[in-house]
1. Mind listing just one residue for me: the one in the stretch 26-44 that is closer than 11 Å to Gln5 by Cβ and in contact with a Gly (Cβ under 8 Å, 6 or more places away or on another chain) and, of those, most open to solvent (accessible area, probe 1.4 Å)?
2. Residue check: is Asp59 among the acidic types (Asp, Glu), exposed (fewer than 15 other Cβ atoms within 10 Å of the Cβ) and over 11 Å from the mean Cα position of the chain (by Cα)?
3. For a quick check of your reading of the model, give me the residue pairs whose first member lies in the stretch 1-29 and is farther than 14 Å from Leu44 by Cβ, whose second is aromatic (Phe, Trp, Tyr), with beta-carbon atoms closer than 9 Å and at least 6 apart or on different chains.
4. For the stretch 1-82, please list each of the helices (runs of 4 or more DSSP H) lying entirely inside it that holds at least 2 residues being among the acidic types (Asp, Glu) and at negative phi.
Amino acid sequence: MSDLQAAFLADVKDRPEDDTPRLILADWLQDRPDEADRARGEWLRLSCYLARMPRDDPDREAILEQIWELERPHRRRWFGPLP
């Protein structure tokens, strides 16, 4: 992990109620050459969007599906051996 990525993650941790650090990290990840990083950036962006959606929003299921499709091939790399 780069120093810059560590700084972004520290900012996310320090401001858990603020989406801005997560969206900045998402932008940075989406600009990376690695496909898994780009997918994680999009995953973060969609996760922020989903968190603000009303539970009864008709687009909620489609967003959840997009998140799952981004996460599935990278799950172990992103989250490690979590159960």
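1. This residue is Arg32.
2. Yes.
3. Leu4/Trp28
4. Counting at least 2 such residues, we get 3-14, 19-30, 35-52, 60-71.
The values are calculated or read from the model by the stated rules, or taken from the named source; none is laboratory data. Just so it is clear, the model here is predicted, and its values are computed rather than measured. We place every Cβ from the backbone using ideal geometry, glycine too, and count neighbours over all the protein chains shown. For the accessible areas, the whole protein counts, side chains as well, though only heavy atoms, and no ligand, DNA or RNA atoms are used. Shrake-Rupley method; radii C 1.70, N 1.55, O 1.52, S 1.80 Å.
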